Amino acid sequence: MATTSRNEKYIISPNPTTTNLKRIVRGVDHRGENNEIAVIEERPLTIFLNRQEIVTAMTIGDYPEYLALGFLSNQHMLESYRDVCGVDYDDELEIVVVRTISQTTYEEKLKKKIKTSGCAVGTVFGDIMEGLENLTLSHSPLHISWLYELSVKINKTPSLYLEAGAIHGTVLCYQNHPLVYMEDVGRHNAVDKVAGWMLKHNETPEDKLLYTTGRLTSEMVIKTATMGIPILISRSGFTAWGVEIAKQVGMTLIGRLRGKRFFCLSGEKRLIRDIKT
């Protein structure tokens with residue numbers, strides 16, 4: 001079991017000064033004047049599991065190891081980091097290869113691909129819902145005061161979103177402490193990076209919550225549930241299927257968190273109203 005620091009500092013947070021994640025582009029503004037803005041870089045990353053090509057994702061290119069590990073874990077292609085004997089990344093070829101000790105079952109899973117609503121390349125596999133049937137999420141409480149504190153802290157954190165937009169963020173949190181903040185062009189990629197970090201560092205999910213800037217879709221709920229995290233929060237809205245799956249697995253689902261307003265459409269029993277609104 002990993003132990004993380006519970007202070008105010010992030011373990012990982014965005015670095016908007018990283019030059020290879022964005023570029024400056026000249027254009028014309030609303031006044032008809034020439035001007036420059038920062039735009040997000042987008043590049044392909046092909047993920048291999050041993051010798052099998054699994055998927056090509058469009059990504060900003062940071063933390064390719066975590067993205068690959070998290071994607072494979074969330075697709076039930078990788079059960080434990082103990083089975084990983086190597087992760088190789090080639091920047092020029094834009095590929096990452098995850099190597100395992102034991103034989104994998106990716107062939108059957110590849111036959112059941114389903115396209116999803118995720119930005120860029122959102123892909124799940126046909127049997128992913130089967131893994132939720134016997135899932136039991138912890139009853140970890142959620143103080144409403146934590147919601148408001150997290151919203152302020154995360155929204156004030158320097159990020160690529162604040163500098164260039166066109167990007168999603170996902171933050172792994174413990175109570176009112178944001179721990180790991182990942183960004184990417186697809187919200188599912190940002191979640192997978194968090195999942196990959198948790199897998200590699202053996203971080204326990206039962207007492208965590210996940211904050212995302214993106215929509216609360218079925219894919220986001222499934223990934224969060226697969227990670228074992230009982231609470232999913234967003235400043236954006238919901239899809240009906242996302243809400244239904246959250247209710248099915250017993251997840252607390254909170255959206256439209258802005259200021260001191262929010263909607264909870266699933267798992268209200270975890271809420272502790274410790275602050276007046």
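The values are calculated or read from the model by the stated rules, or taken from the named source; none is laboratory data. Computed from a predicted model, the values in this text were never measured in an experiment. Backbone-built Cβ (ideal geometry, glycine too); neighbour counts: all protein chains shown. Only protein heavy atoms, including side chains, enter the accessible area calculation; ligands, DNA and RNA are left aside. Shrake-Rupley method; radii C 1.70, N 1.55, O 1.52, S 1.80 Å.
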Carbon-plus-sulfur fraction of the accessible area of the chain, 1.4 Å probe, in percent? 50 percent
How much of the DSSP beta bridge set in the chain is antiparallel, as a percent to the nearest 5? 75 percent
For the range 141-215: relative contact order, % (alpha-carbon pairs under 8 angstrom, 6 or more apart): 30 percent
Net charge near Ile231 (other residues with Cβ under 11 Å of its Cβ; Lys, Arg +1; Asp, Glu -1) is 0
Are there GluC sites (Glu not before Pro) in the range 44-102 that DSSP marks as loop and that have at most 10 other Cβ atoms within 10 Å, and which are they? Glu92
How much of the DSSP bridge set in the range 121-277 is antiparallel, in percent, rounded to the nearest 5? 65 percent
Please give the per residue accessible area of the range 211-277, computed with a probe of 1.4 Å over protein heavy atoms only, in Å². 46 Å²
So what's the net charge close to Ile60: Lys and Arg +1, Asp and Glu -1, counting the other residues with Cβ under 11 Å from its Cβ? -2
For the chain, using Cα atoms only, the Rg and Dmax in Å read 18.7, 61
Those residues of the range 25-40 whose amide nitrogen sits under 18 Å from the label point placed on Thr18, 7 Å along Cα→Cβ: 38-40
Tell me, what is the percent relative contact order of the range 23-91, built from C-alpha pairs under 8 Å that lie six or more residues apart? 19 percent
Choice from Val243, Val171, Val221 with maximal GNM fluctuation in the chain (Cα, 10 Å cutoff): Val243
So what is the relative contact order of the chain, in percent, for Cα pairs below 8 Å that sit 6 or more residues apart? 20 percent
Going by Cα centres, the range 142-200 and the range 214-277 are how many Å apart? 15 Å
